[in-house]
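Below is one structure; the comments refer to it alone.
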Amino acid sequence: MSSSQDETSPMKRHKVAKSDAGGTKTSNASPKSYLANASSPTGVSAPIVQLNVGGTLYKVSLDTLMRFEDSMLANLVSGKWKEGKGDDEIFIDRNGRRFEWVLDYLRSDRVYVPSLSDQSALKDEFDFFGIDADMSKVSVMDDYSSIKQLTKEIKEHKGIIEHKKKKIAAMKESYKLAGRFANAVDRHGTFMEMTIEKDVDHDLLSKCLQSRGLHVVSYASNESGAPVVNICPIGEKDQFL
């Protein structure tokens, strides 16, 4: 391979986090060799670590990465890991999107993830990086953003279910009334008073009876207080208006 190819090789541009073959984490490099200088508002240089996590670039303060002193991240920037040339960004072969959540936790001691599966995936990242995280401080955004919406949907569904129950009751009642009317019309004529269920919805019952060719003249109560309906054939309703 030519020297020009070596200069453009990704392996030359990035250091890959790894331990010695023997498992001992040692390095002759200074911790500051992994840092870029960034000026603070006071003009004092602040140590900033440049990380490439799965292709996503991050610039993170040394203090943030050192928060858990025994973690892999702390070891990585404290010079305990061999990284080759120290003035390049450090490459970590992990999920770049999830690493943002890791940083959120390191920075603020709390993190919000989109779903329960992401919460589980973040736990795997904490384990990989050796971060002893308090998972009670990892909140699922669905728990907050969806509660109001789910509550609203429950209320809406309850209303729909109640309406359907009333409609079913009205259909059953109209079927029963139509049968009784057909059996008794020869004896009682075409205008008839019939008892109905107490809780039946009058509007729905009227519509159901209309679909069966019957017209509701009125709703009332009989002498014993039971609810009744006065019905006639639709073709004769004008006689009882």
* Asked: Length gain on complete extension for the stretch S136 to S115, per 0.36 nm per residue less the alpha carbon to alpha carbon distance?
  -> 6.1 nm
* Structure fact -> The distance between the Cα centres of the range 177-241 and the range 111-131, in whole Å, is 65 Å
* How far apart, in nm, are the 7 Å Cα→Cβ label points at Q149 and F128? -> 2.9 nm
* Asked: What number comes out for the charge environment of A226, summing +1 per Lys or Arg and -1 per Asp or Glu over other residues with Cβ under 12 Å away?
  -> -2
* Set the Förster distance to 51 Å, then compute FRET efficiency between E162 and S78 from the Cβ-Cβ distance, nearest 0.05. => 0.20
* Filter the GluC sites (Glu not before Pro) in the range 192-241 to those in DSSP coil with at most 15 other Cβ atoms within 10 Å of their Cβ, and list the result. => E197, E223
* To do: Just subtract the alpha-carbon distance of R180 and S211 from 0.36 nm times their residue separation and send over the number in nm, one decimal.
  => 9.6 nm
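FYI, it's all coordinate maths here, none of it is from the lab. Keep in mind that this is a model prediction, so the values were computed, not measured. Neighbour counts are summed over all protein chains in view; Cβ atoms, including those assigned to glycine, are modelled from backbone coordinates with ideal geometry.
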